[in-house]
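Quick note: the coordinates plus some simple rules give every number you see, no bench work behind them. This one's a predicted model, so the numbers in the text were calculated from it and none came from an experiment. So basically every Cβ, Gly included, is an ideal-geometry build from the backbone, and we count neighbours across all protein chains shown.
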Amino acid sequence: MIDSSSGNVSAPRWYVARTHANAEFKAQHHLQRQGFEVYLPRYLRRISHARRVSWQPRPLFPLYLFVTMPGADQRWRAINSTIGVLYLICDEGGPVPVPTGLVEEIRRNEDDCGLILTGRSVPFEKGAKVQVISGAFADYICQFDSATDDERVVILIDLMGRQVKAKVQLDSISAHV
């Protein structure tokens, strides 16, 4: 887009489309086939099923995706009739744009595979002394070993004269002072 007042190219305006349940990828496909630019931020979600753990890409905002409308015609009614889309978020004046720079900020948090990095940062270094604050080992002083994902960590517990590895929730440990 070109800003008529300055002649500069401006960033496209992004809008939010509400999709049917579990139809984000279908809506993305059909909107792109119609020539719309679509952004569906995804992250890796840990799935546990039948003792198997896998990581699957999932929408960061379930039931929603971002879409731009090329040209001045603002073909937003076509978005509402797209397979997989329920409606474009609107008010009495028409489609409501997302705040400028929001989509770009989300994109800055993507990794090389286009996935949003959602993991909490683990505030412990390998070897740091931590205290278990809940669970079977509450009040034990342990050694931090590693993080397995954004929810669980591995700690080393001294039991009967040897160090034993245990996986615990990140929220169940704190720094030992």
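See the values below:
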| read-out | value |
| --- | --- |
| Sequence-separation-based contact order of segment 14-108, relative, with Cα cut under 8 Å and 6+ spacing, percent | 41 percent |
| All lysines inside 21 Å of K165 as judged from Cα atoms, apart from same-chain residues fewer than 8 positions distant | K126, K129 |
| Y64 long-range amide H proximity, modeled H, under 5 Å | T19 |
| Dipole of the chain, positive direction: furthest Cα of A78, L60, S134, with charges on the beta-carbon | S134 |
| Backbone HN-Hα couplings from phi across segment 79-91 [Karplus 6.51/-1.76/1.60, Hz, Gly and Pro as x] | 5, 4, 9, 7, 4, x, 9, 7, 6, 8, 5, 9, 10 |
| Under 5 Å, built H, 5+ apart or other chain: amide partners of C90 | V96 |
| Cβ-derived FRET efficiency at R0 35 Å, R13 paired with R46, nearest 0.05 | 0.50 |
| For Cα Rg over 2.2 N^0.38 Å, calculated from these coordinates, the label among [x] 1.31; [y] 1.47; [z] 1.02 | [y] |
| Relative contact order of the chain, defined on C-alpha pairs under 8 angstrom at six or more residues apart (%) | 18 percent |
| Principal-axis tilt of helix 24-33 within the chain, Cα atoms, nearest 10 degrees | 30 degrees |
